[in-house]
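Everything on this sheet refers to the single structure shown next.
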Amino acid sequence: MSGAASGKPSSPLSDPSVTPFLQSSPTLQAGLAQLNRDNIAVVWGAAGAGTYVVPRTQVVIDENAVGNGARIARSLSHEIGHHRFSEQSDQSSKIGYVTSMLRGEAAATLSNALIRREIMNHNGPDIGISGSGTRPQQYQAIADQKMAGHITRDAALNQIAQVFKTEQPSVGPSKTYEQYYGDYYDKHIAPLQRKQGRPEPQTIRDITSSDVKQNALGPDSPSPPQKTPLLPSQPGHVDHAIYQQIKGGVSQLDAQHGRQWDASSERMTASLLALAKEEGLSRVDHVVLNTPTSKLAGGERVFVVQGALNDPAHQRAYMPTVDAVQTPETQSFDRLQAINQTQAQAREQQQALEQSQQAATQADPSMTR
């Protein structure tokens, strides 16, 4: 009988096949308890769509795992590791970003390996470890060192990350995870850092360089009054209205999943505001998550929509949900400021071009013939 057979349990946690595994692992029990405290549901997803976490809302288990307790336990052990990993991604440099993302993957892998060992120590079946080649054996060896107290959790994460970086992600099978995250930094993060005038490490100039000295105040010069700029969340900011529209949409998403407004809601709102402005939206009428497709798991992307959802002419923009939730609010606001400055400069350049063309037309009678 296939995993997607009729009569499936209402939830992966109520599948009878997984019960013995849940009883054999204290780490798995603790992880599920934390999911419950955080109001994270564990639900079935579409068959073949994979297993994944929708940030702040749910853990989705592939429907093909119905009746396969070992597979359900392996999926849970991995996604619990992702959920419990609390380190923010380091976007100050490429190597910092890649390292932090690999540590996140290592946390999920370590959780998988620890829970596997606990189950086997209780004479339970082998749930396996996600990975390819001989890497799962390496992951388990590192986890065993951690369980024995020979290395710290931090050391275990670093060691697993060094192995995991050579794995190949399903979204880019021709690349390693190290290359995948490095390319993501080059494409999405580095341009923003340059736009905001934040040089990469090793390129920071001497703060007493000539251009700084020329603009420095003298020793007796009074300091100019500093005016704290308004934030988009504050009335009076040029983007306050659209911020409020997005905030309303994010609040509705929270309510749909039984969540209260929190810091992750604020980060998502700020991320989506920068996205909407960058894509030229003048208002946001809806904030929605994607539905599952043959190529994309449900909830992987979050959309901002201008216009009716059923209107083919509506405008929309999207980004990975996990990025929207994890990007620091201050970084999104900095990005918004850079976007607004760029767009203002573009408008000024366009106006100047139109004025110069008009002046040239008036000065050259031949152009009016």
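A short reminder: the numbers here are calculations on the coordinates, not readings from a lab. Remember, it's a predicted structure, so these values are computed and weren't measured experimentally. Cβ sites come from the backbone with ideal geometry, for glycine too, and all protein chains shown count toward neighbours.
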| said: Eigenvalues of the Cα gyration tensor times 5, then square-rooted: what semi-axes does that give for the range 12-179, in whole angstrom, largest first? | reply: 24, 19, 16
| Which net charge results for the neighbourhood of residue 119, defined as the other residues with beta-carbon distances under 15 angstrom from its beta-carbon, given Lys and Arg at +1 and Asp and Glu at -1? | +1
| note | With label points set 7 Å from each Cα along the Cα-to-Cβ direction at residue 340 and residue 234, the distance between them in nm comes to 1.1
| task | Only Lys, Arg, Asp and Glu count, each charged at its Cβ (+1, +1, -1, -1), so figure out the dipole size of the range 240-331 about its Cα centre, rounded to 20 debye. | result | 120
| With charges set only on the Cβ (+1 for Lys and Arg, -1 for Asp and Glu), what does the dipole of the range 12-179 come to about its Cα centre, in debye to the nearest 20? | 200
| request: Could I have the simple spin-label model distance between residue 155 and residue 266, label points 7 Å from Cα toward Cβ, reported in nm to one decimal? | output: 3.8
| query | Label 7 Å along Cα→Cβ of residue 188; the range 262-301 residues with amide nitrogen under 11 Å? | reply | 301
| request: Give, in nm to one decimal, the length gained when the segment between residue 39 and residue 8 is fully stretched (0.36 nm per residue of separation minus the Cα-Cα distance). | output: 8.9 nm
| note | Hydrodynamic calc, the range 32-110: Kirkwood Rh from Cα pairs, then Stokes-Einstein at 37 °C with viscosity 0.692 mPa s, so D in µm² s⁻¹ is 244
| field | Net +/- balance of residues flanking residue 143 in space, Cβ distance below 9 Å, scoring K and R +1, D and E -1 | value | +2
| request: Summarise the long-distance tail of P(r) for the range 251-355 by giving the % of C-alpha pairs beyond 20 Å. | output: 47
| query | Tally Lys and Arg at +1 and Asp and Glu at -1 over the other residues with C-beta under 10 Å from the C-beta of residue 160: what net charge comes out? | reply | +3
| Full-extension gain in nm, residue 291 to residue 330, via 0.36 nm per residue minus C-alpha separation | 11.1 nm
